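Undergrad: The structure is given below, and queries will be raised subsequently.
Each value in this text was obtained by applying a stated rule to the coordinates, not by laboratory testing. What you are looking at is a predicted structure, and each value in this text was computed from that prediction instead of being measured. Here the Cβ positions follow ideal geometry from the backbone for every residue, glycine too, while neighbour counts run over all protein chains shown.
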């Protein structure tokens with residue numbers, strides 16, 4: 001098979017592992033910087049040019065689109081889809097997962113466990129917004145934030161009001177969520193490929209840190225998920241239309257709650273902590289499902 005990996009950096013661990021896994025299975029794999037792709041949007045003949053040549057006869061695409069380039073990255077993925085190329089994660093699914101509010105709304109519609117979340121536009125509605133989330137302590141999040149950036153734990157109502165007013169003063173879109181204290185600064189990352197969880201890790205934040213992101217000094221270890229946690233992760237991926245996803249969950253007193261669904265989850269932490277060949281699982285999934293023109297997105301919203 002001819003496989004294209006859409007990635008801006010061929011030296012990234014995740015990109016290199018996907019290349020290794022594809023080559024080990026005898027596939028022809030190429031890394032393409034999606035920001036350097038030129039799209040010809042012509043009626044009946046959509047084409048993609050890269051480094052002066054037209055990209056054709058590609059069997060499958062693995063999008064590794066960065067958050068800051070979602071708009072152009074998904075446009076490139078959509079162009080491949082228009083050509084009939086199979087994409088592991090389709091453009092619509094990537095867009096859903098990147099819009100945190102839209103993602104939460106889709107999960108809520110499916111009855112998937114979530115922290116109580118509030119969203120409002122006007123700072124005059126702060127009292128009602130905080131009430132929705134159950135009052136302090138609570139978490140205020142930037143909708144555009146990643147890797148724990150723009151996530152603030154507010155211990156008191158006054159602190160929450162100040163943070164909300166500050167973010168809204170910058171015209172930033174935010175949500176407020178109940179604080180799951182019993183999680184103890186730890187979360188679960190379930191790596192979903194197709195209709196199964198292929199690996200799972202527990203991420204623990206450093207001392208005094210409620211955010212468990214590895215980029216913020218957290219550590220990871222192999223996790224054993226309960227049947228309910230596995231089911232929740234798979235349902236969350238399906239609700240957004242993602243075939244490959246990193247589903248982040250907290251263990252609450254009311255069962256697992258989903259915090260985020262990631263369309264380009266990193267492979268380094270999950271492979272190192274679990275010993276699972278996740279890259280190989282992704283390539284194996286492509287081998288079984290990649291067919292020309294096979295678009296399966298059936299999610300409403």
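Undergrad: By how many degrees, 0 to 90 and rounded to 10, does the Cα axis of helix 157-169 deviate from the longest principal axis of the chain?
TA: The answer is roughly 40 degrees.
Undergrad: So how far apart, in nm, are the two label points at residue 158 and residue 101 if each is 7 Å from Cα heading toward Cβ?
TA: Rounded to a tenth, the inter-label distance reads 3.0 nm.
Undergrad: Something else: Take every DSSP beta bridge with both residues inside segment 2-96 and express the antiparallel ones as a percent of the total, to the nearest 5.
TA: On the way: 6 of 17 bridges.
DSSP beta bridges in segment 2-96 are roughly 35 percent antiparallel.
Undergrad: I want to verify a result. In a Gaussian network model of the chain, Cα cutoff 10 Å, which of these has the top mean-square fluctuation: 46, 63, 115?
TA: Of 46, 63, 115, the Gaussian network model singles out 46 as fluctuating most.
Undergrad: Continuing with the same structure: Rank these for me by crowding, 32, 126, 270, going from fewest to most other beta carbons within 10 Å.
TA: Arranged by neighbour count, lowest to highest, 32, 126, 270 become 126, 32, 270.
Undergrad: Arrange 154, 103 by Cβ neighbour counts within 10 Å, fewest through most, would you?
TA: 154, 103
Undergrad: Something else about it: Cut-off 10 angstrom, C-alpha nodes, Gaussian network model of the chain. Which of 38, 18, 104 fluctuates the most?
TA: 38
Undergrad: Give the angle, between 0 and 90 degrees and rounded to the nearest 10, that separates the Cα long axis of helix 278-289 from the longest principal axis of the Cα atoms of the chain.
TA: The answer is roughly 60 degrees.
Undergrad: Now, a different point. With runs of 4+ DSSP H residues as the only contributors, calculate the mean residue ellipticity of the chain at 222 nm using -39,500 (n - 2.57) per run, divided by the residue total and rounded to the nearest 500. Working shown, then result.
TA: Working: 9 runs with 96 residues, N = 301.
Taking each H run of at least 4 residues, the total per residue is -9500 deg cm²/dmol.
Undergrad: Who wins for biggest fluctuation among 181, 124, 238 in a Gaussian network model of the chain, springs between alpha carbons below 10 Å?
TA: Looking only at 181, 124, 238, the largest GNM fluctuation is found for 124.
Undergrad: Any chance you could give the angle, 0 to 90 degrees and rounded to 10, that helix 100-109 forms with the longest Cα principal axis of the chain?
TA: Approximately 80 degrees, to the nearest ten.
Undergrad: Would you mind ranking 71, 285 by Cβ crowding within 10 Å, fewest neighbours first?
TA: 71, 285
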